[in-house]
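Following: one structure in structure tokens, then a few remarks.
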Amino acid sequence: MTKESLAQVPDLSVDLCKITLKNPVIAASGTCGFGLELMHFYHPSVLGGFSTKGLTLYPRPGNHGIRLHETRAGLMNSIGLQNPGTEVFVKEILPKIRGLTNCLIANVGGSDFDDYIEAVEMVSAADVDMIELNISCPNVKCGGMAFGIRTQDAAAIVKAVRPACKKPLMVKLSPNAHDLVEVALAVQDEGADCLSLVNTFSALAIDVYTRKPVFNNVTAGLSGPAIKPIALRMTRDVAKAVQIPVVGMGGIETGIDAIEFIMAGATAVQVGTAGMVQPDILPKIIDEMAQFMASQGISNLKEIQGII
Amino acid sequence: MTKESLAQVPDLSVDLCKITLKNPVIAASGTCGFGLELMHFYHPSVLGGFSTKGLTLYPRPGNHGIRLHETRAGLMNSIGLQNPGTEVFVKEILPKIRGLTNCLIANVGGSDFDDYIEAVEMVSAADVDMIELNISCPNVKCGGMAFGIRTQDAAAIVKAVRPACKKPLMVKLSPNAHDLVEVALAVQDEGADCLSLVNTFSALAIDVYTRKPVFNNVTAGLSGPAIKPIALRMTRDVAKAVQIPVVGMGGIETGIDAIEFIMAGATAVQVGTAGMVQPDILPKIIDEMAQFMASQGISNLKEIQGII
Amino acid sequence: MTTDLYTVISNKQVAPSIFSMTVKDHLNLPVQPGQFHMLKTLAAEPLLPRPLSINDVENETLTFLYEVKGDGTKNLAALTTGQQLRITGPLGQGFNIDGIVGNARLPKVLLVAGGIGIAPFKYLARSLAKKATVSLAAGFRSNPYAIDDLKEFVDDIKIATEDGSYGVEGRVTLVFNPVDFDVVIACGPTPMMRAVKEMCKQAKVKCILSMEARMACGIGACLGCTIRTTKGMLRVCADGPVFDANEVIFND
Amino acid sequence: MTTDLYTVISNKQVAPSIFSMTVKDHLNLPVQPGQFHMLKTLAAEPLLPRPLSINDVENETLTFLYEVKGDGTKNLAALTTGQQLRITGPLGQGFNIDGIVGNARLPKVLLVAGGIGIAPFKYLARSLAKKATVSLAAGFRSNPYAIDDLKEFVDDIKIATEDGSYGVEGRVTLVFNPVDFDVVIACGPTPMMRAVKEMCKQAKVKCILSMEARMACGIGACLGCTIRTTKGMLRVCADGPVFDANEVIFND
Ligand SMILES: Cc1cc2nc3c(=O)[nH]c(=O)nc-3n(C[C@H](O)[C@H](O)[C@H](O)COP(=O)(O)OP(=O)(O)OC[C@H]3O[C@@H](n4cnc5c(N)ncnc54)[C@H](O)[C@@H]3O)c2cc1C
Ligand SMILES: Cc1cc2nc3c(=O)[nH]c(=O)nc-3n(C[C@H](O)[C@H](O)[C@H](O)COP(=O)(O)OP(=O)(O)OC[C@H]3O[C@@H](n4cnc5c(N)ncnc54)[C@H](O)[C@@H]3O)c2cc1C
Ligand SMILES: Cc1cc2nc3c(=O)[nH]c(=O)nc-3n(C[C@H](O)[C@H](O)[C@H](O)COP(=O)(O)O)c2cc1C
Ligand SMILES: Cc1cc2nc3c(=O)[nH]c(=O)nc-3n(C[C@H](O)[C@H](O)[C@H](O)COP(=O)(O)O)c2cc1C
Ligand code: FES
Ligand code: FES
């Protein structure tokens, strides 16, 4: 490659809370395990980073009954934060996955203040790059999304967790929040370093033949292409309102979708459901973003970030 | 048909604010004009009823630029309440369509209290069967959805309009409400006779090549199958909370979808987008509901209404 | 106007990304030139049907000429003989043949096509034949298509290509002068329509445009396909797609 | 394990709503009997790929035997020779042939199939042939299918149909006694699996089950396909689909 053409290779790197991601595409929590399964298809280091399955202080078996249900262009899930707990994560899993990425995001959930604080303390003291505080999981009975609905609850949990968090703190917002922008501002004020959104939408599916909800928990979380237009609107609403970086997600399937989120103000994006539909889609999304940038003469994503 | 088999024909009729609908399928506002276009495909009297395009006191030209945009399993629209105004409706349109249905619902929108009151007064004094108060249109600058977001605003507009409304008052809720159940309860307290939900979700689409939003208004309203799981969840949330009847909608395409809304607590349903995808779908939905009921030994929808 | 499943008789590529699909017209409804149908394959996505003009009506068949642009037309192009699709129509206000011909004996009519805008002109030319002297001015980006189809019904053909590969190099507006005609009828991309309207206005020649807009219902119910006109926001699907150029306001 | 586009060699109906599809195995990855692949046509809907067991592997082809149930399998059934689809695999833990055969000389293995549960048994029987004496007990609602395929590899076949149209009338559990075998391997609907597990437990015969669950990722990443086991919630896609019956807890 000549110097000239090298100069024209678009720069996909972005800075997120002082970490330089080689590109803005992060595998979303809960859809890529702990990163190891990705290795069958590509090395996770080609990604901007990945976010682990939601961790809780104590191991959780997750929910019983049906956990997945397909809808038009969407996926409903009710996994219920099945995970081995933070201790097993730190001692047994982290050493195996530490080398896979330079932006290893530990997604942490909880059901009460003490659990959240202790879990964040333990995980953030370990060799992870960032904590993603999940205050938006609609699939656990006590806690999770409960904290993400009302502004004062969201503020309180972030305030409680912040001193315990030794790494940059990303707070994952719920699209089910009463006033999403207000939550975002409050969470920013309590010391979040960046925000991610959206988690799944609270949704319902009914089996009309058994006359019962499909899921034992009645409701479950909706993700996938169906929600993209709403998630994109929410990403813009929040990015316009806050001063900290925003990581957008919800239904991203293509490089063009990802560019839309960047134009709506996101610094980076996460991809969940689409990576399960086609396991090598994330590297393809990165390629498509690069192609789009090259074709449109965009050398750095900053040129278009928040342009809408 | 013998007496026995007649007796087994499922009864699809439902009572909505003392009006008996021959079946619970209503054509949704804004997607069936004033009912006349339906006549090319079936006579509107086969439906439970239909709701007119949103009417405002003064004629409105609607929005400029692109008004429609397709998303995965969804449709975004930004019509902007183009309509001839309540006076033309009452004098010129109503006489032509009065005979088409025994449940003619006039959908009324507005941008301030006085407009709303005057429009409701004029239309409800005419020969319509019900008023559907649209406090949830995301596509008009001042008003519309603004009233449907915060509980106190929703309560205030219903309180103001109630005395002016001479017919049963159906209030159409916004899925963008901060606290939907709270809005529903407040609206019930202010005298709504029934509720309909959901209107469209505020959503965003970006044309990455022009680096502009697809719609002049930036955001637009998302409808169609994509939103069904969320709309169904919201319908259940509201139906569980209120004492008045609920008319559910959002993405209904089949008789089974409609049955899901009934099981979630709706008394009747509205169908919008699907009727535009296939203009004779509403009668098919009614047939499918009847078939389902027959196959499951359900003789009256009351047996399954709110069973979830 | 009806909605039903139709069976594909043939569906073949006639030029790069241009297809011609003929379906069995089992209902045999009367169709005016300039009317259109909404077409949707049985696939769930894309959600909405796609509007296509009537290219020709003959022997209990309907023919559509279409360019593959996105997923909707891609799905149409994948249909094979014997497969079914949903068609709703005929829709809209087509060309008013009597109005075009008027009282004149053999008035001179020019059809101006931009690219796939040529689609409605075969059936229109067939309908005008013997009632008018019909000329065609057609512009293409590169290789022309669907021209041979029209030869039978058209007295004179002028072609422009943007890359000069055929006919005159440049825009279609280079190859005609409105003053030579009694009526000019145009169908094509917006910039072309705007230019043709302007030329005809200057020349004081009657001009008729077949307009496009994104559609949902296609039957006039949703107000999604409106354009600005001197009579207010009118629906392309129900008030059009054919409009008097004087009515259409382009500065949107 | 990889994900790629594969080309259909043949796709034909072999019984009412049962299809057999063979694709070119251009990657030629090693596949164990009992493993499965995730298949998705190029259509946008349904969103998720569908898991299908390996029915057979031969001459650089992969064969799937499947029942059309909903939209996913309907789309698969519509594929024609030469068309492409996305296949991810091979996935999961298949049958451990060495473990099944053990140290015994020609151990007696029974395969119990319920309906389309017969799919993985052709490749399994082929792999067991000469290492074990293989019997098949297959239950169907009505007409049996895919039996002839297996004759070459199986020493004894017993069939039950619920409507009595063929073989013994009733459930497949009527046509075998676990004590006659060293190992029983079952694949079919949950009630059958539960019954087979119970029979084997009473008879103190080793029992292996190939389980089903709804899947999203198919690779062990989403925890969507778990079942209850004595070792906790395990993933059918990655920890299974083959499980020791003693591990599986059915009372869900
Ligand atoms: C009355 C009428 C008659 C038509 N007749 C024909 C015909 O005979 N032959 C033919 O090939 N085409 C015709 N068209 C255009 C045709 O409907 C569109 O090309 C088609 O809908 C594109 O669908 P798609 O899914 O392939 O592409 P999409 O993916 O929907 O769109 C491809 C690109 O075109 C844009 N686009 C889509 N629809 C429209 C629209 N209606 N107006 C402007 N831009 C749009 C999209 O934004 C996108 O950039 C007609 C349109 C109308 C309104
Ligand atoms: C490891 C594994 C191997 C399989 N191998 C084969 C095979 O070789 N041949 C074959 O025909 N089938 C096989 N199946 C089953 C097959 O995956 C499903 O029949 C298929 O996914 C149905 O998809 P659909 O879109 O046609 O139906 P859908 O519309 O998705 O479903 C039809 C009905 O089946 C139910 N359903 C869907 N998926 C499942 C599931 N995984 N478990 C239980 N109920 C479900 C739905 O709720 C619905 O009632 C296998 C499944 C697994 C998990
Ligand atoms: C199966 C599944 C499991 C998920 N688990 C988690 C989780 O543990 N923690 C979390 O914060 N989000 C979780 N999510 C939400 C995703 O990270 C993401 O926010 C959501 O799916 C929207 O993005 P998408 O449309 O690209 O999937 C999960 C989503 C799915 C589909
Ligand atoms: C093109 C279009 C126009 C609409 N106009 C109105 C309107 O004027 N008033 C109103 O209350 N709702 C309006 N709606 C919302 C629908 O009535 C309905 O609430 C929504 O589309 C969800 O239902 P669906 O998914 O079945 O379409 C409109 C929807 C569409 C798609
Ligand atoms: S497309 Fe609905 S009014 Fe024209
Ligand atoms: S399907 Fe995702 S873990 Fe099994």
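Each reported figure results from applying straightforward, stated rules to the coordinates on display, with no laboratory input. As the structure is a computational prediction, the values presented were derived from the model and not from experiment. Note: ideal-geometry Cβ built from the backbone for every residue, glycine included; neighbour counts use all protein chains shown.
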**OP:** Return the Rg/Rh value of segment C:97-210, two decimal places, where both radii are evaluated on C-alpha atoms and Rh is the Kirkwood radius.
**Re:** 0.94
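Please state the relative contact order of chain C as a whole percent: Cα pairs under 8 Å, 6+ residues apart?
Working: 582 pairs, mean separation 41.5, N = 252.
So the answer I get is 16 percent.
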Original post:
Dipole of the protein assembly as shown (Lys/Arg Cβ +1, Asp/Glu Cβ -1, origin at the Cα centre): which of C:Phe243, A:Ala160, B:Phe261 lies farthest to the positive side?
Top reply: C:Phe243
**OP:** May I ask you to report, in nm to one decimal and beginning with the shortest, the distances from A:Asp179 to the same position in the other copies, taking label points 7 Å along Cα-to-Cβ?
**Re:** 1.1
Subject >> Helical contribution to [θ] at 222 nm, DSSP H n ≥ 4, -39,500 (n - 2.57), averaged over the protein assembly as shown, rounded to 500 >> reply: -6500 deg cm²/dmol
**OP:** For segment A:24-244, build the convex hull from the C-alpha positions and give me its volume per residue in Å³.
**Re:** 120 Å³
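Dipole of chain C, Cα-centred, from +1 at each Lys and Arg C-beta and -1 at each Asp and Glu C-beta, to the nearest 20 debye? Display every interim value, and only then the final one.
On the way: 26 positive and 25 negative charges, 74 e Å.
Taking the Cα centre of chain C as origin, the dipole is about 360 debye.
Using Cα pairs under 8 angstrom and six or more residues apart, how large is the relative contact order of segment C:53-139, in percent? Present the calculation step by step, with values, prior to reporting the outcome.
Working: 87 pairs, mean separation 29.3, N = 87.
Averaging sequence separation for qualifying contacts and normalising by length gives 34 percent for segment C:53-139.
Just to be sure I understand: of the beta bridges DSSP finds with both ends in the protein assembly as shown, what percent are antiparallel, rounded to 5?
On the way: 112 of 218 bridges.
Percent antiparallel among DSSP bridges in the protein assembly as shown is about 50.
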Original post:
Using alpha carbon centroids, what distance separates segment B:28-86 and segment D:186-250, in Å?
Top reply: 52 Å
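When only Cα pairs under 8 Å and 6 or more residues apart are kept, what is the percent relative contact order across segment D:2-91?
Working: 187 pairs, mean separation 37.9, N = 90.
It rounds to 42 percent for segment D:2-91.
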Subject >> Convex hull of Cα atoms in segment B:23-126, direction-averaged projection (nm²) >> reply: 7.7 nm²
**OP:** Taking each pair of different alpha-carbon atoms in the protein assembly as shown once, compute 1/r for the pair, average those values, and report the inverse of that mean as the Kirkwood hydrodynamic radius in Å to one decimal.
**Re:** 31.9 Å
Original post:
Just from the alpha-carbon atoms, what are the Rg and Dmax of chain C in angstroms?
Top reply: 17.3, 51
Subject >> Estimated dipole of segment B:24-244 in Debye, rounded to 20 [Cβ of Lys and Arg +1, of Asp and Glu -1, Cα centre] >> reply: 600 debye
Original post:
How many percent of DSSP beta bridges within segment D:107-238 run antiparallel, rounded to 5?
Top reply: 15 percent
Original post:
From the label point of C:Gly70, set 7 Å along Cα to the beta carbon, how far off in nm is each other copy's matching point, shortest first?
Top reply: 2.8
Subject >> segment A:156-173-segment B:243-308 distance, computed between alpha-carbon centres (Å) >> reply: 45 Å
**OP:** May I ask what percent, to the nearest 5, of DSSP beta bridges between residues of chain A are antiparallel?
**Re:** 40 percent
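Report, in cubic angstrom per residue, the convex hull volume of the C-alpha atoms of segment B:237-308.
Values: hull volume 5.6 nm³, N = 72.
Spelled out: Cα convex hull of segment B:237-308, divided by residues, is 77 Å³.
Within 10 Å of each Cβ of D:36-49, how many other protein chain Cβ atoms are there on average? Each step should come with its number before you reach the end.
Details: counts 0, 0, 4, 0, 2, 0, 1, 4, 12, 10, 6, 16, 7, 4.
If you average over the peptide's residues, the count of other-chain Cβ atoms is 5.
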Original post:
What are the label-to-label distances in nm, one decimal and shortest first, from B:Glu92 to the same spot in the other copies, with labels 7 Å along Cα to Cβ?
Top reply: 7.6
Subject >> Proximal aspartates and glutamates to B:Lys228, defined as alpha-carbon separation beneath 15 angstrom and excluding residues fewer than eight positions away on the same chain >> reply: A:Glu70, A:Asp207, B:Asp237, B:Glu253, B:Asp257, B:Glu260
Original post:
Reachable lysines from A:Lys91, Cα under 19 Å, same-chain residues fewer than 8 places away excluded?
Top reply: A:Lys53, A:Lys166, A:Lys167
Original post:
Straight-line reach from D:Lys197: which lysines have Cα under 28 Å away, leaving out those fewer than 8 places along the same chain?
Top reply: D:Lys69, D:Lys108, D:Lys122, D:Lys130, D:Lys131, D:Lys151, D:Lys158, D:Lys206, D:Lys231
Subject >> Three-way shape call for segment D:2-91 based on the alpha-carbon gyration tensor, with the a/c threshold at 1.5 >> reply: rounded
**OP:** Could you size up the charge dipole of segment D:115-227 around its Cα centre, putting +1 on the beta carbon of Lys and Arg and -1 on that of Asp and Glu, and report it in debye to the nearest 20?
**Re:** 420 debye
